[in-house]
Structure formats: C-alpha cells, structure tokens
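Undergrad: Pasting a structure below so you can have a look.
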Amino acid sequence: MNYDIVDNEHLYEDVDFEARSSRSGQFLFWVAFVPSCLAAFFLYRIGYLWPALIPVAVVLAVAMLIAPQVAFYLYFGWQALDPIFLTAEGTILTPAKALALFMILLYAVSLGKIRQRILVSRSTIIAMLLFGLWGLLTSPLAIAYLVALKNSAQVLIQVILIAGAIHFLDSRKRVFFAFFWCFLGGVLVGIQMLITGGISPQFLRATLGEYANPQTTCFALSVSLIALCGLWSLEKPKKLLVFYLSGAVVLLVAMMRTGSRASLIAVFVALSIGIILAKRVKIAKRILISVVISIILVGGVLYILTLGVLQEQSQERLEAMVVKGRIESAAGSGRSAILKRVLSTYYENWSIFGWGFGNSATAMELYRGERRDIHNSLLSPLCDSGPIGFTLFISGLILLYLKVRGVSNPRMNAAAIMIYIFLILSSLVHTAHFTKWFWIPVTMCLLLAEQSKREEYSDYAVTQEWEPELPLRM
C-alpha cells in the first residue's frame, strides 16, 4: 500500500495560521458588533424599532458572508425575539424571515464550495421538500390562494435551511454553538420579560408584544429551553452548569408568566419520558433520572406558583392545570372541541388537494360561520393539503423518528429523542409547521443525527487505520 508523504512541519504551520486567523476574526467581529448593539439599543429606546436593526444587520451581514455558520447561530438565537415584530394586520416580513431569505441566497452561492455531505438526513429532507412543493403546486386551488402560496413557500424555505444547517454546521463545535445561541437568545428574552413585565392589554398575560399571543411567546421560549438537551449531549455541562441552571429557571418563569399550558406540558413530558426511551443506558438508571427530572420540574412549578410573581390570569390557568388537573378551556372553545369541528367540516367539504396551506380558519369561516384554526400540526396537513400532502408530511415525521432512533451516541440519542417528543407534543396543540418554531426542533434532531454519524465514521477510521469516503459532496 502506498502512502502520501505529508510535510508535518508545514501542516502544523497551516493549522496554527488558521487558528490565529480565526481568533483575529472573532476579535474584529466583537469590536464592530458591540458598538453596533449599543447604537441599536439607543435607537430602540427612542422609539425607532426597525432602524435599530440597521447597524447590527450591517455587521452581521459582513460576518455571515465571511463565515456562513454565523447566520445559523443568529437565526437560532433570534427565534425567541421574533414575535415582538408581529402587528395587528399580520407581519409579512419579520427580521427572522428577512434573515432566512438572506441565508437561502448565501446557501445558493456557497453550494460549489460545500465539502460536507449529508449522511443520514436526505430522505427526511426530500419527504418534507415534496410536502412543500405539493402545497406550492396546489396553492392556485386553495380557498385563499395568497395565504396558501405564502405558507407553502415558508415550508420550502425552512426545509432548505435544514440542508444548509447540516452543510455549514459540520463539526461538534459548530453544532454546539447553534444550540447555545438558541438557548441564550431565549434566556435574554426571558430576562427582558421579567424586567419589563411584558403584559399585553389584549391578552392580560405576559407576551413579547401587544399582538404576539401568549401561546406563540411560550412556544418560542420552550424551543430555547429544549435546546438545553442538545447542549448537555454535546459537551459536559460542568463549566457552564450555573449558567444553564439559572437560564433554565429564567425560561421556566417567563413561560409560566404567559399562562400557556401546552408548551409547559410538552417540555415536561419530553424531558421526563425522553430519557426512558434513550438507548445504551440501564433501564433502572433511566427511570431514576426520569423521576428526578419530574420531581424537579413539578416542584419548581409549584414553588413558583406560591411566590405570587405571576399575573392573575396566568396564575389561575396554571393552578387549574396543576391543582385541578383541568387543561381545557370553556365548553366548545378547547382545542379538542375545535379539532373535532374542523375535521367534521373537512369530511363534509373534503378535497383531494385540501383547502390550501394555512386555510383551515378561512374554510371554517366559509363553511361553518366561525373562524377557527385547527391548532394541530399533525392533522392540519390533512385539511390543508389533502391525503397526498398529509401522507408526505407524516412520512417525513416517521423518517425523522427513524433517524433519531438510529443515533448511536448515547447522549445525543437521549437529547434527540427528547427534542422529537417535544416536537410531536407541541404539534398536537399548535399549527406550527409553517413557522420556524416547528422546523428548528426538526433541525436540532437532524444535526444531532448527522454529528453522531460523522463521529461514528471518524471513530471507525481511527480503529481501522484508514480514512472512509466520507464528507465530500452531497
């Protein structure tokens, strides 16, 4: 067997040069970024919301062109803050949507330079791409054509961003930073809510804006909280344990201030049950960890309820859930009752193409005289895209589950299962599959699956003393 001769001296010089260049780039970034943030804060305080984004956006745009992974860090970190830009008329373009479009362009121009191959997630991505394309092709037949067109485009953009995340976040360090910024962004938003109160006169509960409903706010914060699972799996939390625990407390209190019960339950069940379903850990240990997590979570919620730091309406809603075990709203207005009426209406007015992506509320108003959304991302595709679109969507979720179960690294496997359970439970109570709050957890699961497979190849290469044909192009 022939071996190429490697000049180790020059190799180490190249590595050292790259490390020094990286440190210099990071230093220059922070030198420019901190003053831009101060300028943005000043503009925001005097009432200029959108202009406040300009100085920060310029610095970040340059950074993203140089290092595309920065775009994904920013996107993950910003997701919890985006609801603040919602308006009464509905916001067509929020900062997160503008950033997503920029990332698509960045991904497109970088395709020829990408060296990382998608290893295990291709079938899931293809199924979800077909789902989005089906919505796009059938949108002319929708009840509200423009709504269907917008929502199907959003699905396609989010799925393309998943492929981009896998290509650009191609190391454990980069995957870790994506999870870290998702968690940190939510913590900062939670701190803001705790300081300002964040009470919406419309909802009488804490939100991120006058027109951001509490459920959306809580869902965004819960995505940040569930990111902590990924952080735990990617790095031993000893160094940042205090930060993680204090951040989790901030997120929990902020979520409780919204009075939204669905996302709280999704997080609790995901963390408690997910560890039991993990692989390569003794069942007794898994059950013990699950019991400890359950005690901490339930005890924490009960303790916060006794402090009297929540708004009256939020306090009443959570007490009804914890003390009385009641999570449904008044008769006829709860999610299960609405779901039954929407499905019954679809059965009576069904179409093989569906009503159109995001058209459930419009269809209910047309056929039943009440504008009600289905509040269920697992069954919404049936009404919105018909049996064909529904099959594609559910196939994508099944394929995602198979990728999650196939994660060989025990810690990553446990984290991916927790995030997947959170995703499914959240989908039972939110129509979220047109938004980033559905697709970011999907991305998290696939990033863990890809990273586990990359490390599996790497370990095999070391033990077998050969380099596998891994990573080059998709």
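The values are calculated or read from the model by the stated rules, or taken from the named source; none is laboratory data. Bear in mind the structure is a predicted one, so any value in this text is a computation, not a measurement. When we count neighbours, we look across all protein chains shown, and the Cβ atoms used for this are built from the backbone with ideal geometry, even at glycine.
Undergrad: Can you tell me which residue within the stretch 346-366, out of those that are outside any loop (DSSP other than H, G, I, E, B) and touching a residue at least 60 places away in the same chain (Cβ under 8 Å), is surrounded by the most Cβ atoms within 10 Å (Cβ to Cβ)?
TA: Filtering the stretch 346-366 for residues that are outside any loop (DSSP other than H, G, I, E, B) and touching a residue at least 60 places away in the same chain (Cβ under 8 Å), the one surrounded by the most Cβ atoms within 10 Å (Cβ to Cβ) comes out as S360.
Undergrad: Quick check, is G389 farther than 22 Å from C445 by Cα, assigned to a helix (DSSP H, G or I), assigned by TED's automatic domain parsing to the domain that holds L234 and under 23 Å from the mean Cα position of the chain (by Cα)?
TA: Numbers: farther than 22 Å from C445 by Cα: yes; assigned to a helix (DSSP H, G or I): yes; assigned by TED's automatic domain parsing to the domain that holds L234: yes; under 23 Å from the mean Cα position of the chain (by Cα): yes.
For G389, the condition - farther than 22 Å from C445 by Cα, assigned to a helix (DSSP H, G or I), assigned by TED's automatic domain parsing to the domain that holds L234 and under 23 Å from the mean Cα position of the chain (by Cα) - is met.
Undergrad: Given (1) modelled with pLDDT of 70 or more; (2) assigned to a helix (DSSP H, G or I), where does Y12 come up short, assuming only one miss?
TA: The failed condition is (1).
Undergrad: Of the residues I166, I125, I84, only one is surrounded by fewer than 22 Cβ atoms within 10 Å (Cβ to Cβ) and in contact with a helix residue (DSSP H, G or I) (Cβ under 6 Å, 6 or more places away or on another chain); which?
TA: I125
Undergrad: In the stretch 50-61, which residue that is in contact with a Leu (Cβ under 8 Å, 6 or more places away or on another chain) and outside any helix (DSSP H, G or I) is surrounded by the fewest Cβ atoms within 10 Å (Cβ to Cβ)?
TA: If we take residues in the stretch 50-61 being in contact with a Leu (Cβ under 8 Å, 6 or more places away or on another chain) and outside any helix (DSSP H, G or I), then P51 is surrounded by the fewest Cβ atoms within 10 Å (Cβ to Cβ).
Undergrad: Additional query: Can you tell me which of G135, G164 is assigned by TED's automatic domain parsing to the domain that holds P387 and more than 19 Å from A449 (Cα to Cα)?
TA: G135
Undergrad: Return yes when S263 is surrounded by 20 or more Cβ atoms within 10 Å (Cβ to Cβ), among the hydroxyl-bearing types (S, T, Y) and at pLDDT 90 or above and no when it is not.
TA: Details: surrounded by 20 or more Cβ atoms within 10 Å (Cβ to Cβ): yes; among the hydroxyl-bearing types (S, T, Y): yes; at pLDDT 90 or above: no.
No, not satisfied.
Undergrad: Same structure again: Within the bounds of the stretch 173-195, is there any residue that is in contact with a helix residue (DSSP H, G or I) (Cβ under 7 Å, 6 or more places away or on another chain) and either outside the structural domain of A227 (by TED's automatic domain parsing) or not in a helix (DSSP H, G or I) (or both)?
TA: Checked against the condition, which is being in contact with a helix residue (DSSP H, G or I) (Cβ under 7 Å, 6 or more places away or on another chain) and either outside the structural domain of A227 (by TED's automatic domain parsing) or not in a helix (DSSP H, G or I) (or both), the stretch 173-195 yields no hits at all.
Undergrad: OK, next. For V249, work out the one condition from (1) over 21 Å from G308 (Cα atoms); (2) under 20 Å from the mean Cα position of the chain (by Cα) it doesn't fulfil.
TA: (1)
Undergrad: On to the next question. Would you be able to tell me the number of residues in the stretch 278-289 that are in contact with a helix residue (DSSP H, G or I) (Cβ under 6 Å, 6 or more places away or on another chain) and either modelled with pLDDT of 85 or more or not assigned by TED's automatic domain parsing to the domain that holds N409 (or both)?
TA: Counting residues in the stretch 278-289 that are in contact with a helix residue (DSSP H, G or I) (Cβ under 6 Å, 6 or more places away or on another chain) and either modelled with pLDDT of 85 or more or not assigned by TED's automatic domain parsing to the domain that holds N409 (or both) gives 0.
Undergrad: Out of T435, T431, I need the residue that is in contact with a Ser or Thr (Cβ under 6 Å, 6 or more places away or on another chain), β-branched (V, I, T) and either modelled with pLDDT under 95 or more than 20 Å from Y75 (Cβ to Cβ) (or both). Which one?
TA: Only one candidate passes the filter, namely T431.
Undergrad: For V309, which of the numbered conditions (1) of a type outside the set (F, W, Y); (2) over 27 Å from the mean Cα position of the chain (by Cα); (3) farther than 28 Å from L271 by Cα; (4) not in a helix (DSSP H, G or I) fails to hold?
TA: Of (1) of a type outside the set (F, W, Y); (2) over 27 Å from the mean Cα position of the chain (by Cα); (3) farther than 28 Å from L271 by Cα; (4) not in a helix (DSSP H, G or I), only one is false for V309: (3).
Undergrad: Restrict the check to the stretch 396-419 and report whether at least one residue is within 20 Å of A153 (Cα to Cα) and aliphatic (A, V, I, L, M).
TA: So far as the stretch 396-419 goes, yes, one or more of its residues are within 20 Å of A153 (Cα to Cα) and aliphatic (A, V, I, L, M).
Undergrad: Looking at (1) in contact with a His (Cβ under 9 Å, 6 or more places away or on another chain); (2) within 21 Å of G386 (Cα to Cα), which is the only condition R115 fails?
TA: (2)
Undergrad: Just to be sure I understand, how many residues within the stretch 408-446 are part of a helix (DSSP H, G or I) and within 26 Å of N376 (Cβ to Cβ)? Show your work before the answer.
TA: If we filter the stretch 408-446 for residues that are part of a helix (DSSP H, G or I), which is where we start, we get 410-427, 436-446.
If we keep only those that are within 26 Å of N376 (Cβ to Cβ) too, we end up with 415-427, 436-446.
Total meeting the criteria: 24.
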